[in-house]
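Enquirer: Handing you this structure, nothing more for now.
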Amino acid sequence: MNEQRLIRITPDIAVDERELDFEFVRAGGPGGQHVNKVSTAVQLRFAAAASPALPAELKQRLRRLAGGRMTAAGVLILEARSQRSQAQNRAAVVERFAALLKQASIRPRRRIATRATAGSRQRRLEAKKLRGVTKRLRRGEE
């Protein structure tokens, strides 16, 4: 059967797992012979720019959030190498991928411009005058 596996990001956004490319490479670090022979590290590649599952504004926020983890062509690259097994690293990288997309799906709140109160402006000016007096007193006789 050709079962479609979806990674649910939000109630209305889901990414088909077939859009993800996994590459298994050797991980460094401790582990002796095991780490030298087995490709346990996982590299996930997701062509975010070409994905039909993501709205345009989410793609823009994802690009900003991903930073150096996204190529100029719009391919998101995530790695996981902390676990000992390939399956655990694969699960960890998919979880991080979903968390990143979920964070990108949150619209930032619009800032409402406010003005300083008359009292706060008055206090600021008085503090500046006091500071000027202190500096003038420090100058001494010339």
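The values are calculated or read from the model by the stated rules, or taken from the named source; none is laboratory data. The shown structure was predicted, so the numbers you read here are calculated from the model rather than taken from an experiment. All Cβ positions, glycine included, derive from the backbone under ideal geometry; neighbour counts span all protein chains shown.
Enquirer: Got a number for residues in segment 32-49 being surrounded by 14 or more Cβ atoms within 10 Å (Cβ to Cβ) and of a type in the set (Gly, Ala, Ser)? Spell out the reasoning first.
Expert: If we filter segment 32-49 for residues that are surrounded by 14 or more Cβ atoms within 10 Å (Cβ to Cβ), which is where we start, we get 35, 38, 40-49.
Filter again for of a type in the set (Gly, Ala, Ser), leaving 41, 47-49.
Number of matching residues: 4.
Enquirer: With the requirement that a residue be assigned to a helix (DSSP H, G or I) and either out of contact with any Ser or Thr (no Cβ under 8 Å at 6 or more places or on another chain) or modelled with pLDDT of 95 or more (or both), what does segment 92-106 give you?
Expert: Within segment 92-106, VAL93, VAL94, GLU95, ARG96, PHE97, ALA98, ALA99, LEU100, LEU101, GLN103, ALA104 qualify.
Enquirer: Return a yes/no flag: does segment 34-55 have any residue that is closer than 18 Å to ARG96 by Cα and touching a Gly at 6+ places or on another chain (Cβ under 7 Å).
Expert: Scanning segment 34-55 turns up at least one residue that is closer than 18 Å to ARG96 by Cα and touching a Gly at 6+ places or on another chain (Cβ under 7 Å).
Enquirer: Quick one: which residue in ARG109, ARG123, ARG131, ARG115 is charged (D, E, K, R), surrounded by fewer than 16 Cβ atoms within 10 Å (Cβ to Cβ), over 19 Å from the mean Cα position of the chain (by Cα) and in a loop (DSSP other than H, G, I, E, B)? Explain how you work it out, then say what you get.
Expert: Details: ARG109 fails: over 19 Å from the mean Cα position of the chain (by Cα); ARG123 fails: in a loop (DSSP other than H, G, I, E, B); ARG131 fails: in a loop (DSSP other than H, G, I, E, B).
Of ARG109, ARG123, ARG131, ARG115, the one residue that is charged (D, E, K, R), surrounded by fewer than 16 Cβ atoms within 10 Å (Cβ to Cβ), over 19 Å from the mean Cα position of the chain (by Cα) and in a loop (DSSP other than H, G, I, E, B) is ARG115.
Enquirer: Please work out if GLN83 is surrounded by 12 or more Cβ atoms within 10 Å (Cβ to Cβ) and more than 19 Å from the chain's Cα centre (by Cα). Give the derivation first.
Expert: Details: surrounded by 12 or more Cβ atoms within 10 Å (Cβ to Cβ): yes; more than 19 Å from the chain's Cα centre (by Cα): yes.
Yes; evaluated as a whole, the condition is true for this residue.
Enquirer: With the condition kept exactly as written, say whether any residue in segment 23-39 is under 15 Å from ALA91 (Cα atoms) and either under 20 Å from the mean Cα position of the chain (by Cα) or among the aliphatic types (A, V, I, L, M) (or both).
Expert: no
Enquirer: Still on this structure, please answer the following. Name every residue in segment 40-64 that is within 19 Å of ALA91 (Cβ to Cβ) and in contact with a strand residue (DSSP E or B) (Cβ under 6 Å, 6 or more places away or on another chain), in order of residue number. I'd like the intermediate steps shown before the answer.
Expert: Quick first cut of segment 40-64, residues within 19 Å of ALA91 (Cβ to Cβ) only: 40-46.
Those that are within 19 Å of ALA91 (Cβ to Cβ) and in contact with a strand residue (DSSP E or B) (Cβ under 6 Å, 6 or more places away or on another chain): ALA41, VAL42, GLN43, LEU44, ARG45, PHE46.
Enquirer: Continuing with the same structure: Here is a check on your reading of the model: is ALA27 closer than 19 Å to ILE9 by Cα, small (Gly, Ala, Ser) and in contact with a helix residue (DSSP H, G or I) (Cβ under 8 Å, 6 or more places away or on another chain)?
Expert: no
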